[in-house]
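Participant: If you scroll down you'll find the structure; I have some questions about it.
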Amino acid sequence: MSEHKTLNELQREVDQYIGQFKEGYFSPMELMARMTEELGELSREVMHEYGPKKKKASEEDGTIANEMGDILFVLICMANSMNIDLEQAHDRVMQKFNTRDKDRWTRKDETE
């Protein structure tokens, strides 16, 4: 598991997994509901780790990384079901940040 995978490789891996099942991908609305559920679980883990609300002794251990992995899986499922190439989507958003938002924050190498 130490190899690095591209987003396209992750999308193919998820597609191969989902492709084994007759049901296939859930609908976009079902995937959005699942994404919302997973985001809530991530929020809960962040609150336990960094916020004032700590876990009860009876609560099972979860991790922020596991919840992020769940969100990534659902996001990839949603992208695949809608024929969205996540590498292209990422490149477009980075272009936007590097042009529209290039002067929005103070760069570390700037002198004040």
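The values are calculated or read from the model by the stated rules, or taken from the named source; none is laboratory data. Keep in mind that this is a model prediction, so the values were computed, not measured. Because the Cβ atoms are built from the backbone with ideal geometry, glycine has one as well, and the counts that use them run over all protein chains shown. Note: accessible area is taken over every heavy atom of the protein model, side chains too, but ligands, DNA and RNA are not part of it. Shrake-Rupley method; radii C 1.70, N 1.55, O 1.52, S 1.80 Å.
Participant: Take the Cα of Met32, step 7 Å along the line toward its Cβ, and report every residue of segment 44-76 whose backbone nitrogen sits under 15 Å from that point.
Facilitator: What the label zone holds, given the 15 Å backbone N cut-off, is 75.
Participant: Between His90 and Asp61, what FRET efficiency comes out of the Förster formula 1/(1 + (r/R0)^6) with R0 = 35 Å and r the beta carbon distance, rounded to 0.05?
Facilitator: FRET efficiency, Asp61 to His90: 0.65.
Participant: Using all alpha carbons of the chain, what is the percent of pairwise distances in each 10 Å bin, ordered from the shortest bin to the longest?
Facilitator: 12, 29, 30, 23, 6, 1
Participant: Which value at 222 nm does the chain reach when only helices count, each DSSP H run of 4 or more adding -39,500 (n - 2.57), with the total divided by all residues and rounded to the nearest 500 deg cm²/dmol?
Facilitator: Dividing the helical sum by the residues of the chain leaves -20000 deg cm²/dmol.
Participant: To continue, here is another question. How large is the accessible surface per residue of the chain, computed with a 1.4 Å probe and reported in Å² as a whole number?
Facilitator: It amounts to 83 Å² per residue over the chain.
Participant: Sum up the charges of everything whose Cβ sits under 14 Å from the Cβ of Asn98, counting Lys and Arg as +1 and Asp and Glu as -1, but leave Asn98 out.
Facilitator: That works out to +3.
Participant: Once both labels are modelled 7 Å past Cα along the beta-carbon direction, what's the Val46-Arg107 spacing in nm?
Facilitator: 2.8 nm
Participant: Next question. Quick one: which of 29-38, 76-85, 57-66 comes out on top by average Cβ neighbours within 10 Å, and what's the full order, highest first?
Facilitator: 76-85, 29-38, 57-66
Participant: If Lys and Arg each add +1 and Asp and Glu each add -1, what is the summed charge of the other residues whose beta carbon sits under 14 Å from the beta carbon of Leu86?
Facilitator: After counting each charged neighbour, the total is -3.
Participant: Which one of Val46, Leu7, Trp105 has its Cα pushed farthest toward the positive end of the charge dipole of the chain, where Lys and Arg give +1 and Asp and Glu give -1 at the Cβ?
Facilitator: The residue sitting most towards the positive pole is Trp105.
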